[in-house]
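Presented below is the structure to which this report refers.
The values are calculated or read from the model by the stated rules, or taken from the named source; none is laboratory data. Given the structure is predicted, the values throughout are model-derived calculations rather than measurements. Heads up, the Cβs are rebuilt from the backbone with ideal geometry, glycines too, and the neighbour counts pull from every protein chain shown.
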Amino acid sequence: MDWYDVKWFFGDVCDSVSEVAGNIYDTAADGVAAVTDFIEENPKTSIAIGALVGIATAGIAAPAIAATIGATGALGTTAGGTVIANLSGAALSSSSLAALGGGSIAAGGAGMAGGTCVVAAGGGVVAGSVSAGGVAATKAIKS
């Protein structure tokens, strides 16, 4: 294999990579155009989809979100009097969710399920607001 063959080989490789990159760019641009068209034609549906995605995401991440809030000390103590911020791991997650749910079921609150609902609802509000901003931005860009 001489220098000409190596040069030819790398030339073909570069051309192939360039062609693939161009195809990826074209596909992504088409996808973005389709999404922005959908948002412009269906603003209410777009906001609803954003809110539902936010609810689902926050619901899945509720233990981690609640534990983060609990670790700051913002949630006070458990029904047994333990400071939530001093807990760690599953105990922190469980206690934080219960505190966000109005306390444990035994203490008359909604417990961890209630806390999960509170976090999920908060996620829906945030995501819905962001989606509304996205709809407004899309309308501004398109006009």
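Here are the numbers for this structure:
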item: Filtered residues of the stretch 101-143 (kept if without any contact (Cβ under 8 Å) to a residue 40 or more places away in the chain, crowded, with 16+ Cβ neighbours inside 10 Å and farther than 17 Å from ILE65 by Cβ); result: GLY103, SER104, GLY109
item: Boolean, ALA85 is over 19 Å from ALA61 (Cβ atoms) and modelled with pLDDT under 95; result: no
item: The stretch 74-85 residues that are over 15 Å from ILE105 (Cα atoms), paired with ones that are in a loop (DSSP other than H, G, I, E, B) (beta carbon under 6 Å, 6 or more apart); result: ILE84/LEU75; ALA85/GLY73
